[in-house]
1. Could we say that residue 45 is open to solvent by 30 Å² or more (accessible area, probe 1.4 Å) and either closer than 17 Å to residue 122 by Cβ or modelled with pLDDT of 90 or more (or both) here?
2. Looking at the structure I just gave you, is residue 233 at pLDDT below 90 and surrounded by 24 or more Cβ atoms within 10 Å (Cβ to Cβ)?
3. Can we say residue 164 is of a type in the set (A, V, I, L, M, F, W, C), farther than 22 Å from residue 252 by Cα, open to solvent by 20 Å² or more (accessible area, probe 1.4 Å) and not in a helix (DSSP H, G or I)?
4. Residues that are farther than 19 Å from residue 209 by Cα: which helices (runs of 4 or more DSSP H) entirely in the stretch 219-301 hold 2 or more of them?
5. Only one of (1) surrounded by fewer than 21 Cβ atoms within 10 Å (Cβ to Cβ); (2) in contact with a helix residue (DSSP H, G or I) (Cβ under 7 Å, 6 or more places away or on another chain) is not met by residue 302, so which one is it?
6. Mind telling me which of the residues 170, 144 ends up being of a type in the set (A, V, I, L, M, F, W, C) and open to solvent by 40 Å² or more (accessible area, probe 1.4 Å)?
7. Do any helices (runs of 4 or more DSSP H) lying entirely in the stretch 69-155 carry at least 1 residues that are under 21 Å from the mean Cα position of the chain (by Cα) and at pLDDT 95 or above, and which ones are they?
Amino acid sequence: MDATDRVSPAGADPAGPVGADPVDAGPVGADAADAGPAAADPAGAGRRGRVAGLALACHPGPALAVTALTFALALGSGLGGPRSALVTAAVLTGQLSVGWCNDAYDARRDADAGRRGKPAADGTVGARAVWTAATIALALCVPLSLACGVLAGTVHLAAVAAAWLYNLRLKATALSWLPYVAGFGALPATVALSLPGGPWPRWWTVTAGALLGFAAHLADTLPDIAADRAAGIRGLPHRLGDRGTRLLLPVPLLGATAVLAFGPPGPVDGGGAAALALAGAASLVGPALGRRWRKAALAGAVAVAAVDLALLLARGAAGA
């Protein structure tokens, strides 16, 4: 799932009409018969700009991070190279569809707000083209997911559907956290169910993923609470407010690490104790530095996720 999504309030007008952007039609006056050689370079530059804009509109940072996490989990679970690549491809196409859906749906509101770094809003690429890319990625995600196994594919596709629902509706409601919890919790479940025989995932891997998803939602939204409120968005972090969100954020971060440390049978080993100490420091320092660096809370959450991934791989990513 896209941990940096910014979506329209419930009931906002879809961004489809924004797709009628002059950029989609190519450079003005680019007539094949009359343009001559001088027009070739601008046309090529325009195409390159649209390709780059489409790449940026997919939220490449979160998409690549979630995809890399999936690949590490798959290899760590013993899926093997080809099977790990299949699961990773399914997750990547799902992430691309969610990112493109987000930017296409938000294009009009982002344009009105003058947000930078939003290709569908600033005219670099038309929203219609971004919607098309999202649809194609989603269409590819379905067979790739089901090729991992019917149950594994169903779990993953349910998570993708929840992410689309977040983009189109839930972002502005008190249930804004739910798609994050579902999406992050589904990752270890999808990997485990893709193993031969489809074993159930260990409960602590799914629980830790869900807690990290909840924390990711809080950390990602925290810097923009005031601006989002002004735009009419009333998700859970906006209802909690800046102070409430900062106070709550360390709870799911530490909870995820604690579940991974204490969940497996047997006493907590040195690795689990070290992970708890590192996660505790990162989860507290991130929100505390948030007023100096707007992304500090998110950076802290990423650091905890890295610690948890190492601990999860050491304990076994999947299995009965």
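The values are calculated or read from the model by the stated rules, or taken from the named source; none is laboratory data. The shown structure was predicted, so the numbers you read here are calculated from the model rather than taken from an experiment. Positions of Cβ are generated from backbone atoms using ideal geometry, with glycine treated the same way; all protein chains shown enter the neighbour counts. Each accessible area value is taken on the protein alone, full model and side chains, heavy atoms only, with ligands, DNA and RNA left out. Shrake-Rupley method; radii C 1.70, N 1.55, O 1.52, S 1.80 Å.
1. yes
2. Details: at pLDDT below 90: yes; surrounded by 24 or more Cβ atoms within 10 Å (Cβ to Cβ): yes.
Considered against the rule, which asks whether it is at pLDDT below 90 and surrounded by 24 or more Cβ atoms within 10 Å (Cβ to Cβ), residue 233 comes out as yes.
3. Values: of a type in the set (A, V, I, L, M, F, W, C): yes; farther than 22 Å from residue 252 by Cα: yes; open to solvent by 20 Å² or more (accessible area, probe 1.4 Å): yes; not in a helix (DSSP H, G or I): no.
Judged against the criteria, residue 164 is not a match.
4. Working: elements: 225-230, 236-248, 250-262, 270-288.
Where helices (runs of 4 or more DSSP H) fall fully within the stretch 219-301 and carry at least 2 residues being farther than 19 Å from residue 209 by Cα, they are 225-230, 236-248, 270-288.
5. (2)
6. Details: 170 fails: open to solvent by 40 Å² or more (accessible area, probe 1.4 Å).
The unique qualifying residue is 144.
7. On the way: elements: 81-113, 119-122, 127-147.
Hits in the stretch 69-155: 81-113, 127-147.
Conditions tested, residue by residue: (1) among the aromatic types (Phe, Trp, Tyr); (2) out of contact with any helix residue (DSSP H, G or I) (no Cβ under 6 Å at 6 or more places or on another chain); (3) within 24 Å of residue 80 (Cα to Cα).
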residue: 142; (1), (2), (3): no, yes, yes
residue: 146; (1), (2), (3): no, no, yes
residue: 172; (1), (2), (3): no, yes, no
residue: 179; (1), (2), (3): no, no, no
residue: 186; (1), (2), (3): no, no, yes
residue: 193; (1), (2), (3): no, no, yes
residue: 210; (1), (2), (3): no, no, no
